[in-house]
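None of the figures in this text is laboratory data; all of them are computed from the coordinates on show. This one's a predicted model, so the numbers in the text were calculated from it and none came from an experiment. Positions of Cβ are generated from backbone atoms using ideal geometry, with glycine treated the same way; all protein chains shown enter the neighbour counts.
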């Protein structure tokens, strides 16, 4: 009987993630980087300043993030973009022959293709073709785990697919995970029904409104806790999750993989000198991230938008660290955050363990040249080197933005002491001989009014 093993027992169904990994591992793929040469007229619209080799290497990393078997990365230099196929006719024919010989099942184009270009390339190559946006969406679909993350991914994917023939995609039938460009349950041709897609998008938007209200309630409850929020931001694979694990001793997914983290994670932790903070990990940024994805994932970055302190984590061992930093700063500006605000943003120069001795000393020297108020911190999240300097910098930033008061409580005034514990941080406490308490208290700005009304005798410390 079909579906049963020779022993007569039906084998256990594999999890969806495992099925997707198996499909990907058995899919031979080309990654093609079609880049416009710098001196050509068509290059005027290309704002990506990275080297072509670095861009192609990143595209290979994206493909590896969903377990594709990349047979070969191919760089193609263009002087002009062809409306029908993006690539020139001769290059399309050359690639089609190589694809046939190598038995390639998928071509990843590291660019944004129009629906017409995608269809024409698929006809010419005789295999599936996806562009950079489609690949990133597939990664997002695999990685998102919270309900909000999964809904945001599906909404972005449906919006992307609205102008494309659905055909072998099965996203309308799937509840989570990737979106099946590699195949899946039901590989028959599916008629692209824009009305169904639009109805599904409308339902997702309603569901998202509900989820966002729930998250806003969670954020409101966190605001009632007097802990400042510290959010990690940075380019994908810069080491944010490893740093999060180092600071919190948590076990968040931390791998040498692009987009390893897609859902916000928050933990309350106590810093060495007593300050308590809420530490939040966020999705990594990337160059040429399609605008519809930035909009779709804005909700997952709300912790960063509202954070008291931002840790901009950079991989200083990467050859394109400056360009990566520029991409992150541009997205922060889009979110209404000033990346040059030294009071709020701390640059964390991560992966110092990958630097040789002279380069490490050079980086320390560069950091020392910056003004103390906005000085970067060189660390290794993997080994723990520099973490003490980082926690000192975090505590210093928090202290600058939060008022500190000295006051005395009468003996036995437990109610006031409980209020201070609930609404502020007690930095120092001395017990007088008569039972009174001398306290040094730090407050969140929104509690200062209530504090002043209750403790008129308190003296603000400068």
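Go through 389-396, 31-38 and give me the packing order, highest mean Cβ count within 10 Å leading.
On the way: 389-396: 18.2, 31-38: 19.8.
In decreasing order of mean packing, 389-396, 31-38 become 31-38, 389-396.
Just report the Cα centroid separation between the range 128-154 and the range 404-462, whole Å.
Using only Cα atoms to place each centre, the spacing works out to 49 Å.
What are the semi-axes of the equivalent ellipsoid of the range 336-462, taken as the square roots of 5 times the eigenvalues of the Cα gyration tensor, listed largest first and rounded to whole Å? Could the numbers behind the result be given before it?
Working: eigenvalues 315, 54, 26 Å².
Values for the range 336-462, descending: 40, 16, 11 Å.
For a footprinting-style exposure proxy, rank 101, 459 by other Cβ within 10 Å, fewest first. Walk me through the intermediate numbers first.
Working: 101 8, 459 11.
Least crowded to most crowded, the residues run 101, 459.
List 148, 154, 359, 462 from most exposed to least, where exposure is judged by having the fewest other Cβ atoms within 10 Å. Write down the numbers at each step before the final one.
Numbers: 148 21, 154 26, 359 13, 462 5.
Sorted ascending by nearby Cβ count, the order is 462, 359, 148, 154.
Quick one: P(r) of the range 402-461 from all Cα-Cα pairs, 10 Å bins, percents rounded to integers, in order of increasing distance.
24, 62, 14, 1
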